[in-house]
Amino acid sequence: MRSATGPRIPTIVAVVTMIVAGVGFVAALMLNAFVFDEYDAYGEVPIPGSSRLELPAGQVTVTFHTVLVGGGGNGLPVPPLTYRMTGPDGVDVQLAEDYGGTTTVNNDARVRIGYVHLPVAGTYDVELNGNVSAYLNPSLAFGHGSRYGHLPWILAAVFGLAVACLIVARAWTVRVRRSGLDAPQWAADDGAPAPIRAVPSPASSEDAIRAHTLETLARLRDSGALTQDEYDAEKKRVLEGR
């Protein structure tokens, strides 16, 4: 019973962990995309238009943001845009294009178009223009991704570890079953194997009969029922097997 329970426990734990990690992975992806993504954390600039934004030093995500009418289709096409972004020191900041997937919540759609790397924190002037007549309330949003972007990868690693544990547990189960098949199977009420009884061979049975016959003849002789000559004749006949 203990040997069967041993591999069963890690198997159950591995399966439950896989389910939890898989569901958590999908949930983390959705939450990062629709809830925790702070794509507009530092503000938005309308297209066409201009604005001044307070931005931190480092990498800032730039996202095209608009309202869809009628449905989003397979993706949000980004129109040709012209922009100028000037930092506190008067130096123009260049956009490093890196397009991402479209995220749509109801009719609100956005798609990442790239990043800007800011040398210092401060006030930045942003001027935008482009052919956006087909879009409703278009703008460029400046922000950052989810602070929990690492969570799906952690859950993916947990899922992989659970798969490895499940493989080990199944191998353990197979080994236990094989060892159970190789072991002697006793009845439940025996507790121990029955003793092996020797089966007398035909030769040993004939010797026993001969010895018993000789003992009987000796008693008959001693009682006077047989004479010595009769005893000797019968003994000879028995020993010769006649």
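Each value in this text was obtained by applying a stated rule to the coordinates, not by laboratory testing. The model shown is predicted, which means the values in this text are computed figures rather than measured ones.
Phi angles of region 84-98 translate, via the Karplus equation with coefficients 6.51, -1.76, 1.60 and θ = phi - 60°, into HN-Hα couplings of 9, 10, 10, x, x, 8, x, 8, 6, 9, 9, 8, 8, 5, 7 Hz per residue; Gly and Pro are given as x.
For region 18-33, the Karplus equation 6.51 cos²θ - 1.76 cosθ + 1.60, evaluated at θ = phi - 60°, returns couplings of 4, 5, 5, 5, x, 5, x, 4, 5, 5, 5, 4, 5, 5, 5, 7 Hz by residue, with Gly and Pro reported as x. The length gained by stretching the chain between I154 and E206 to full extension, at 0.36 nm per residue less their Cα-Cα distance, is 10.4 nm.
Find the Cα radius of gyration of region 77-152, compare it with 2.2 N^0.38 Å by division, and give the number to two decimals.
1.25
Computed extension length for R8-L29: 4.4 nm, one decimal, from 0.36 nm per residue of separation with the Cα-Cα distance subtracted.
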